[in-house]
2 protein chains.
Amino acid sequence: MTASRARRRPGRPAGGSRSRESILRAARASFATNGYDRTTIRAVAASARVDPALVHHYFGTKDRLFVAAMEFPIDPAVVAETVLGEGLDRAGERLVRLFLTIWETPGNREPLLGLVRSAVTNPRAARMLREFMTRALLSRIAPALGRKDAELRVALVGSQVVGLAILRYVIRVEPLASATEDELVAAVGPRFQDYLTADLAAAPGRQST
Amino acid sequence: MTASRARRRPGRPAGGSRSRESILRAARASFATNGYDRTTIRAVAASARVDPALVHHYFGTKDRLFVAAMEFPIDPAVVAETVLGEGLDRAGERLVRLFLTIWETPGNREPLLGLVRSAVTNPRAARMLREFMTRALLSRIAPALGRKDAELRVALVGSQVVGLAILRYVIRVEPLASATEDELVAAVGPRFQDYLTADLAAAPGRQST
């Protein structure tokens with residue numbers, strides 16, 4: 001038993017794919033134990049017994065490492081590009097389509113649901129997701145809105161995304177569960193757009209006097 | 001051991017509060033095993049060894065029984081009255097305030113979080129919550145909107161409520177977690193109002209050409 005365990009324990013990895021696996025294993029352990037903020041590429045490299053340059057070579061940045069380690073099928077860079085790449089006009093609509101594409105792609109749903117389940121049942125997972133959302137999504141998208149309350153706006157979009165995922169894919173409330181992509185884009189896109197760009201204090205035409 | 005168990009097993013209850021407790025215990029078991037739709041007041045009464053009239057006397061309707069059994073601090077009748085009681089004008093704003101009042105009231109948050117946790121981790125709990133949402137909330141509020149897509153609209157409001165609860169109270173993403181009630185009413189109220197009353201296919205001023 002002991003001998004077999006010792007054989008399986010990774011030493012300095014020889015091949016590239018073994019190094020990559022060691023890095024992912026070390027990253028998963030560090031994100032879970034220390035959270036997102038306190039995990040460093042240097043510490044993950046040390047724990048995986050590789051050079052930090054190799055972690056950068058495989059994964060680039062800490063948020064990419066997180067995405068890979070958590071098998072999280074949302075790349076913050078892609079989300080930011082979707083929201084901001086063509087300007088803010090119709091960004092709400094593009095965001096709904098991106099969200100639906102991600103969730104409807106086979107193989108994506110389970111890791112996402114796993115993260116949601118962990119985050120609502122485990123305070124450490126909640127902190128990890130909170131820090132990741134804050135550093136990788138909010139701080140990347142919010143500045144482009146050019147508003148004092150930009151982070152609240154992006155967080156509100158995030159809350160609608162999470163609630164939609166839970167009611168559509170987990171609790172499966174009808175007719176939300178079987179609504180078409182176009183129905184959801186039409187219904188939710190303008191709400192996202194308003195969160196991103198409308199005057200939140202007094203939305204035009206919504207106030208009664 | 002056997003004798004002690006037999007002593008604790010409820011027979012035909014003598015006092016009112018013992019009957020009430022027996023009914024709640026039987027209801028919890030039935031909702032968990034059979035879901036919301038297939039639970040009947042008659043079956044709960046039989047399992048609690050009381051007359052169905054006594055269940056009606058204590059709890060009135062099945063949704064009230066569910067609310068009591070699950071210690072669920074949201075009474076669908078109150079939600080419907082809030083949305084519809086003063087007409088649809090500013091209903092979105094009233095809904096955000098009601099939602100915040102419910103979640104900020106001491107003692108409410110834990111049972112609500114318990115239900116969310118169960119629903120995302122346990123398919124039977126998800127079904128129970130889905131059926132309760134559908135029968136007690138959607139079917140009560142949707143007809144008053146007088147629109148073909150009313151149920152989708154109410155479900156979308158529900159999805160924003162659930163997402164807001166998770167990001168604000170569970171994952172605690174800032175600045176959402178510490179936003180004031182007024183900030184959230186201003187930001188989310190008009191979105192709820194649009195879900196309830198706006199033309200979803202082409203929200204005015206949101207389309208680019």
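Of (1) touching a helix residue (DSSP H, G or I) at 6+ places or on another chain (Cβ under 9 Å); (2) not in a loop (DSSP other than H, G, I, E, B), B:Arg147 satisfies all except one. Which? Result: B:Arg147 passes all but (2).
Suppose the filter is touching a Phe, Trp or Tyr at 6+ places or on another chain (Cβ under 8 Å), over 26 Å from B:Ala119 (Cβ atoms) and either in a helix (DSSP H, G or I) or not acidic (Asp, Glu) (or both); does A:Ala187 pass it? No.
Of the candidates A:Ala68, A:Ala48, A:Ala26, the single residue that is without any contact (Cβ under 8 Å) to a residue 24 or more places away in the chain and small (Gly, Ala, Ser) is A:Ala26.
Taking the range A:1-27 as the range and being under 18 Å from A:Leu54 (Cα atoms) and either modelled with pLDDT under 85 or among the small types (Gly, Ala, Ser) (or both) as the test, the residues that pass are A:Pro10, A:Gly11, A:Arg12, A:Pro13, A:Ala14, A:Gly15, A:Gly16, A:Ser17, A:Ser19, A:Ser22, A:Ala26, A:Ala27. If you check B:Leu145, B:Leu200 for being in contact with a Pro (Cβ under 9 Å, 6 or more places away or on another chain) and surrounded by fewer than 23 Cβ atoms within 10 Å (Cβ to Cβ), only one passes: B:Leu200. Within the range A:162-182, being more than 7 Å from chain B (Cβ to nearest Cβ) and either touching a Gly at 6+ places or on another chain (Cβ under 7 Å) or part of a helix (DSSP H, G or I) (or both) holds for A:Ala165, A:Arg168, A:Tyr169, A:Glu181, A:Asp182. When A:Arg206, A:Arg135 are screened for being modelled with pLDDT under 95, outside the structural domain of A:Glu86 (by TED's automatic domain parsing) and touching a Lys or Arg at 6+ places or on another chain (Cβ under 9 Å), only A:Arg206 passes. Taken over the range A:15-65, the criterion of being more than 19 Å from A:Thr134 (Cβ to Cβ) and aromatic (Phe, Trp, Tyr) is satisfied by A:Tyr58, A:Phe59. Tell me, which residue of the range A:138-161 that is under 17 Å from the mean Cα position of the chain (by Cα) and over 30 Å from B:Ala142 (Cα atoms) is nearest to the other protein chains (Cβ to nearest Cβ)? Within the range A:138-161, the match that is nearest to the other protein chains (Cβ to nearest Cβ) is A:Glu151.
Using the structure shown, decide if B:Ala187 is outside the structural domain of B:Gly35 (by TED's automatic domain parsing), buried (at least 19 other Cβ atoms within 10 Å of the Cβ) and within 28 Å of B:Ala27 (Cα to Cα). So B:Ala187 fails the test.
The single residue among A:Arg191, A:Arg109, A:Arg124, A:Arg135 that is in contact (Cβ under 8 Å) with a residue 12 or more places away in the chain, among the basic types (Lys, Arg), on the phi < 0 side of the Ramachandran plot and at the interface with chain B (Cβ under 8 Å from one of its Cβ atoms) turns out to be A:Arg191. The single condition from (1) more than 16 Å from the chain's Cα centre (by Cα); (2) in the same structural domain as A:Ile166 (by TED's automatic domain parsing); (3) surrounded by fewer than 14 Cβ atoms within 10 Å (Cβ to Cβ) that A:Thr105 fails is (1).
The values are calculated or read from the model by the stated rules, or taken from the named source; none is laboratory data. Since we're looking at a predicted model, the values are computed, not measured. Cβ: placed from backbone, ideal geometry, glycine included. Neighbour counts: every protein chain shown.
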